[in-house]
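Have a look at the structure below, then the notes.
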Amino acid sequence: MHLFLFFHKCIICFIVKINLKHSLLFIIFCLYITSCSQEKPRYEQILGTICTVNLFEDGRDKIYDEIFVRLREIEREFSIDKKNSDMYRVNSRAYVEPVTVGQDVFSLMETSLLLSDITEGAFDVSVEPLVYLWNINSASPHVASQEELDEILPLVNYKNIVTNPGNRSIHFLKEGMGLDFGAIAKGFAADEVVKICEKHEVRRAIIDLGGNVYVYGQKANKKDWNVGIKNPEYPDSAPLVRVTLPQNSIVTSGVYERFFSVGQEKYHHIFSPFTGRPVDNELLSVTVICENSMLADGLSTAFFVLGEKKSRELIPKFSSIFNMQISAVFIKKNHEISFSRLFPYVRSILYDDWRVKEVYE
Ligand code: FAD
Ligand code: MG
């Protein structure tokens, strides 16, 4: 809009100075530029959520188109219920025989297995039988009984997945196993959008794939970005924490995103692969901040399962394995908010009835 007003003024100045033929050419040129460039974000329902991308002054249709084509491609590859998708083929045949998949699914498979290893099984993409049993995202969710869990739990174990990089195949060692990349695919997708931004030398962008946020580049005023972390008790109200930071991905896993209630009991969508039940610990949400969105996504889910103490112990190890700054914000049921050690960003708590708990390990 501002860009259009700017060109409009230029056109009037030029029309009085140059002849009609040239001014007409100039008008066509300006209209072309303004029609190809948009300062408003583009959004679309993909990956089961609203994906919003704002490229600010570099928002040309061509770049937006490329980004949303890529996001739709990722959705096709990773959707469990889309017939002929890699995931559909794996979940229906990988016990019978190794199933060859595309590069995207295979590389996310390998990263997921690494994350499972280093989080000691807290993150486990073989949770699909649990996701199916509880059916939390559906209109008819189900509270699983202990008998059902006893039957299903032996199927949830990443150690029973065999991969072969030679032919990019995935093989299950137990019948009934399945993969669900819901805890990491949006992060992978955000990193793919970042690659497109880098390719086109986009100066700044906000990528928000259903709460999986990436602030990219530098703001026009050269200041750091302000990102809000939701209040898990009032997710539709003002944010609870504001973090001011340079280019990074900020990803939150929490009890409030997807859940159903039976009486007083709430059942959310992050499962303990050890008990088969929605994780019930001191946490309401965990936010992970790092430059790689896939890692931030996977780790936020894993830290939620592991709880604050164990996650804190593991963060320095993970930072050194992945050679990048990894920070976390833990929001707890007792209204305490704690930050990982040496948290490098400016943070503010925006509600009076929450307090920061400093932890010195
Ligand atoms: P996260 O904490 O990042 O992940 C939680 C999810 O990870 C759970 O929902 C479960 O799927 C899985 N999970 C649970 N426990 C574990 C664990 N211990 N280890 C590893 N994984 C675990 N949702 C819809 O409602 N409708 C759709 O049509 C739809 N389509 C989708 C298509 C694709 C390709 C993908 C990847 C997801 C789709 N989703 C859909 C799911 C949705 O958009 C989110 O990805 C999902 O709900 C989790 O996102 P999150 O950031 O809230 O939670
Ligand atoms: Mg996640």
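The values are calculated or read from the model by the stated rules, or taken from the named source; none is laboratory data. Here the structure is a predicted model, which is why all the values come from computation and not from measurement. Don't worry about glycine lacking a Cβ; one is built from the backbone with ideal geometry, like all the others, and counts go over all protein chains shown.
Assorted remarks:
- Residue within the stretch 209-219 that is hydroxyl-bearing (S, T, Y) and within 16 Å of ligand 2 (Cβ to nearest atom) present: yes
- Each residue in the stretch 185-227 was checked for being closer than 17 Å to G48 by Cα and assigned to a strand (DSSP E or B), and 5 pass.
- Residue tally, condition under 18 Å from D280 (Cβ atoms) and either among the aromatic types (F, W, Y) or buried (at least 16 other Cβ atoms within 10 Å of the Cβ) (or both), over the stretch 120-147: 12
- Checking each residue in the stretch 74-87 for being closer than 19 Å to A190 by Cβ and free of Cβ contacts under 8 Å to residues at least 24 places away in the same chain picks out R76, S79.
- A205 touching a residue at least 24 places away in the same chain (Cβ under 8 Å), closer than 30 Å to Y267 by Cα and buried (at least 16 other Cβ atoms within 10 Å of the Cβ): no
- Selection count, the stretch 217-275, where residues are hydrophobic (A, V, I, L, M, F, W, C), surrounded by 15 or more Cβ atoms within 10 Å (Cβ to Cβ) and either under 21 Å from I349 (Cα atoms) or away from ligand 1 (no atom under 16 Å from the Cβ) (or both): 10
- Within the stretch 74-102, restricting attention to residues that are of a type in the set (D, E) and surrounded by 15 or more Cβ atoms within 10 Å (Cβ to Cβ), the residue that is nearest to the chain's Cα centre (by Cα) is E75.
- Taking the criterion of being part of a strand (DSSP E or B) and in contact with a Ser or Thr (Cβ under 8 Å, 6 or more places away or on another chain), the residues of the stretch 228-242 that qualify are I229, V241, R242.
- A single member of V90, V96, V101 is without any contact (Cβ under 8 Å) to a residue 12 or more places away in the chain and of a type in the set (A, V, I, L, M, F, W, C), and it is V96.
- Some residue of the stretch 57-72 being at pLDDT 95 or above, assigned to a helix (DSSP H, G or I), more than 18 Å from the chain's Cα centre (by Cα) and not assigned by TED's automatic domain parsing to the domain that holds T275: no
- Near pairs, Cβ below 6 angstrom, 6+ apart or cross-chain, from the stretch 161-189 (at positive phi) to any residue that is outside any helix (DSSP H, G or I) and not aliphatic (A, V, I, L, M): R168/T100
- Cross-chain or 6+ apart pairs with Cβ under 6 Å, the stretch 38-58 first and free of Cβ contacts under 8 Å to residues at least 24 places away in the same chain, then surrounded by fewer than 18 Cβ atoms within 10 Å (Cβ to Cβ) and outside any loop (DSSP other than H, G, I, E, B): Y43/I50; Y43/T52
- Of the helices (runs of 4 or more DSSP H) entirely within the stretch 84-138, those holding at least 1 residues that are in contact with a His (Cβ under 7 Å, 6 or more places away or on another chain) occupy 128-134.
- Residues of the stretch 148-190 that are surrounded by fewer than 18 Cβ atoms within 10 Å (Cβ to Cβ) and within 16 Å of ligand 2 (Cβ to nearest atom): none at all.
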